[in-house]
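Each remark here refers to the structure printed beneath this line.
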Amino acid sequence: MSDYLLSVLLGIVEGLTEFLPVSSTAHLRISEALFHIDLANGYWKMYTIVIQLGAILCLPVYFRERIAKLLSTFPVGQRGDRTILTHPLGLVIAAFVVTAVPAFLLTKVIGKHLESLYIMGASLLIGGLVMWIVDEFNSESERAGLGATGTRIHTWHMEDMSLGQAIWIGACQILSAVFPGTSRAMSTIAAGQLAGMSRAAALEFSFFLSIPTMVVATGYDLLKSLRGKGENAIGVTHIDAHGWVVLLIGFVVSFIVAYGAVAWFLGWVRKHGFAPFAVYRIVVGALVLAWATGLLH
């Protein structure tokens, strides 16, 4: 397989899985094994960072009008009843801080878990079960809709979130950092639903929270790689024209596919639930565990 085609395929995998609750990390590891490439190699490690950046960039572009509106109403909000800590942007920062500090302290643990197919498989499977149960638990309230009384859902829009909900979601997002395969999207969406948020509100907050989370995490990974030594260090000055074209292809494909995935996912969630993604996680998780134990060799 040519590097150009490989770059297109990996860009598609990253773009499709980064914001869907199915774990992009696990899917890239599966792709690594299927396509026989070493994503720990200096160049390919840089490649995975570049395609993640492509996916990240789609969010501020897609939500540009929404972000501009939030910035213009900061800190009092549209209704004038918000503060620095309870404005949606303040809630995003609060959730990010809650996640970032423990994740940074647990860097070594996270690094070890990234090498374990057992952890990825188990995280995919368990996360799928949790997502399915939580979504089903809230499905009746979703059908009742906004304005219905006695339902579990009391936060239908991101603007109505509380500081407590943001802190809770940030704490749950730590799981996705420590246990690859959990999925950042899955942990934040399920956490939001457990805290009384609608599917749409939990998903939207998940998207906004992913912007600082992914920018900082990806930037940190890039810095570590650039400062690394030995065979896995990234030698940017030694990348030839072919290498730069491969990087560019992956970046562009990841951006386009991620943009489409975000638009489709938002529309899907407003009409349907997360059950199909939960089933997919369970099936893939079981296959990864079977693979890790040698049953599929």
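The values are calculated or read from the model by the stated rules, or taken from the named source; none is laboratory data. Note that this is a predicted model, so its numbers are computed, not measured. Using ideal geometry, Cβ is built from the backbone for each residue, glycine included, and neighbour counts are taken over all protein chains shown. Surface accessibility is based on the protein's heavy atoms, side chains included, excluding ligands, DNA and RNA. Shrake-Rupley method; radii C 1.70, N 1.55, O 1.52, S 1.80 Å.
Dividing the convex hull volume of the alpha-carbon atoms in the range 1-152 by its residue count gives 176 Å³ per residue. At 1.567 mPa s and 4 °C, plugging the Kirkwood radius over alpha-carbon pairs of the range 47-91 into Stokes-Einstein gives what diffusion coefficient in µm²/s? The Stokes-Einstein estimate is 109 µm²/s. Note on the chain: GNM, Cα springs under 10 Å; of Leu209, Leu53, Leu71, the largest mean-square fluctuation is that of Leu71. Counting every C-alpha pair in the range 33-123, the share spaced more than 20 angstrom apart comes to 62%. Label separation (Glu65 vs Leu85): 3.4 nm, computed from points 7 Å beyond Cα along the C-beta direction. For the options Ala185, Ala241, Ala55, a Gaussian network treatment of the chain with springs between C-alpha atoms closer than 10 Å singles out Ala241 as fluctuating the most. The stretch between Ala292 and Tyr280 holds 2.5 nm of extra length on full extension. This uses 0.36 nm per residue minus the Cα-Cα distance. Applying 1/(1 + (r/R0)^6) with r as the Cβ-Cβ distance of Gln78 and Ser162 and R0 = 22 angstrom yields a FRET efficiency of 0.85. Extension gain, Glu136-Ala263: 0.36 nm per intervening residue step, less the Cα-Cα distance, totals 43.4 nm. The listed residues Phe265, Phe277, once ranked by accessible area (1.4 Å probe) with the largest placed first, stand as Phe277, Phe265.
Running Debye on the range 134-214 with equal point scatterers at the Cα sites and no solvent, what base-10 log of I(q)/I(0) appears at q = 0.21, 0.24, 0.26 Å⁻¹? For the requested q values the scattering log ratios are -0.89, -1.10, -1.25.
Between Thr107 and Ala171, what length comes free when the chain is fully extended (0.36 nm per residue of separation minus the Cα-Cα distance, one decimal in nm)?
Between Thr107 and Ala171, full extension yields 21.4 nm more.
Once Rg and the Kirkwood radius are both taken over the C-alpha atoms of the chain, their ratio Rg/Rh works out to 0.98.
Here the spin labels are modelled as points 7 Å beyond Cα on the Cα-Cβ line, and at Val97 and Ile256 they lie 4.1 nm apart. Among the lysines of the chain, pairs at least eight places apart or on separate chains and with Cα atoms under 23 Å apart come to 8.
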